[in-house]
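Remarks on the structure that follows.
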Amino acid sequence: MPRSAHLLGSGWDRLRGAILSVVCGTHQFVGDRGRWWRERWAQQRKGEDCVLCGRSGIDEDEWGIRVFTGEAVDGFAWKTGLIAGYVVAIWNGVHVAEPTQLASAQAAAYWREVTRIGRAVESCFEPAKVNYLTLGNNVPHLHTHIVPRPWSGDPGPNRALDFAYLDAPRQPEVQVRDAARLLRERLAET
Ligand SMILES: [Zn+2]
């Protein structure tokens, strides 16, 4: 695209963003390419309708099986993603979207317990690498995906994993139950 056309597009996107912000009051302009965070994102980031806030009493649902209950973190063997040993660690206190919203003692407890789960994942599954994904772009409640990257069968060795690989598929039932049992036993020893 010629530079002039790019600038024209960018200018139009900015103008459209300004108009929609005024008219609708719901969208947030986020850059030159005219991409938008979804409607009511700001409210969700503050905890409105948060699907993870009420999770502290759940031991198992369609998404995961509890393997750890800590001072700051609840850990679940996650049922999606195909990779054995995939755990989602969820901040179990009052809603925050970012680790920077925690007091320093809370943040220390959060990362201490995330790494404790990470050690159990390493010990049980002996992966080539472990990834810690603190994203929250879809569900803005502080949580960290702990993803062991297997030596064989990894869909993208030596690079970041496409999140779709973690999201859409479901692990075989027996695989996730075996992983949950192993992780619970290992975490009980540490
Ligand atoms: Zn929440």
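The values are calculated or read from the model by the stated rules, or taken from the named source; none is laboratory data. Every value quoted in this text rests on a predicted model; they were computed, and no experiment measured them. Here the Cβ positions follow ideal geometry from the backbone for every residue, glycine too, while neighbour counts run over all protein chains shown.
Restricted to strands (runs of 3 or more DSSP E) entirely inside the range 87-190, those with at least 1 residues that are buried (at least 16 other Cβ atoms within 10 Å of the Cβ) and small (Gly, Ala, Ser) are 87-91. Going by what's in this entry, would THR26 be described as more than 16 Å from the ligand (Cβ to nearest atom), at pLDDT below 50, among the β-branched types (Val, Ile, Thr) and surrounded by 12 or more Cβ atoms within 10 Å (Cβ to Cβ)? It is true that THR26 is more than 16 Å from the ligand (Cβ to nearest atom), at pLDDT below 50, among the β-branched types (Val, Ile, Thr) and surrounded by 12 or more Cβ atoms within 10 Å (Cβ to Cβ). When GLY93 is tested against (1) closer than 17 Å to ILE65 by Cα; (2) out of contact with any strand residue (DSSP E or B) (no Cβ under 7 Å at 6 or more places or on another chain), only condition (1) is not met. Do we have any residue at all in the range 74-93 that's modelled with pLDDT of 95 or more, touching a Lys or Arg at 6+ places or on another chain (Cβ under 8 Å), farther than 30 Å from VAL174 by Cβ and in the same structural domain as THR134 (by TED's automatic domain parsing)? Checked against the condition, which is being modelled with pLDDT of 95 or more, touching a Lys or Arg at 6+ places or on another chain (Cβ under 8 Å), farther than 30 Å from VAL174 by Cβ and in the same structural domain as THR134 (by TED's automatic domain parsing), the range 74-93 yields no hits at all.
Is there a residue being within 18 Å of the chain's Cα centre (by Cα) and at positive phi anywhere in the range 122-130? No, because not a single residue in the range 122-130 is within 18 Å of the chain's Cα centre (by Cα) and at positive phi. Exactly one residue out of ALA180, ALA168 is more than 15 Å from the chain's Cα centre (by Cα), under 21 Å from VAL51 (Cβ atoms) and away from the ligand (no atom under 16 Å from the Cβ), and it is ALA180.
Do you know which residues across the range 47-76 are within 10 Å of the ligand (Cβ to nearest atom) and either surrounded by 12 or more Cβ atoms within 10 Å (Cβ to Cβ) or without any contact (Cβ under 8 Å) to a residue 40 or more places away in the chain (or both)? Answer for the range 47-76, where residues must be within 10 Å of the ligand (Cβ to nearest atom) and either surrounded by 12 or more Cβ atoms within 10 Å (Cβ to Cβ) or without any contact (Cβ under 8 Å) to a residue 40 or more places away in the chain (or both): GLY47, GLU48, ASP49, CYS50, LEU52, CYS53, GLY54, ARG55.
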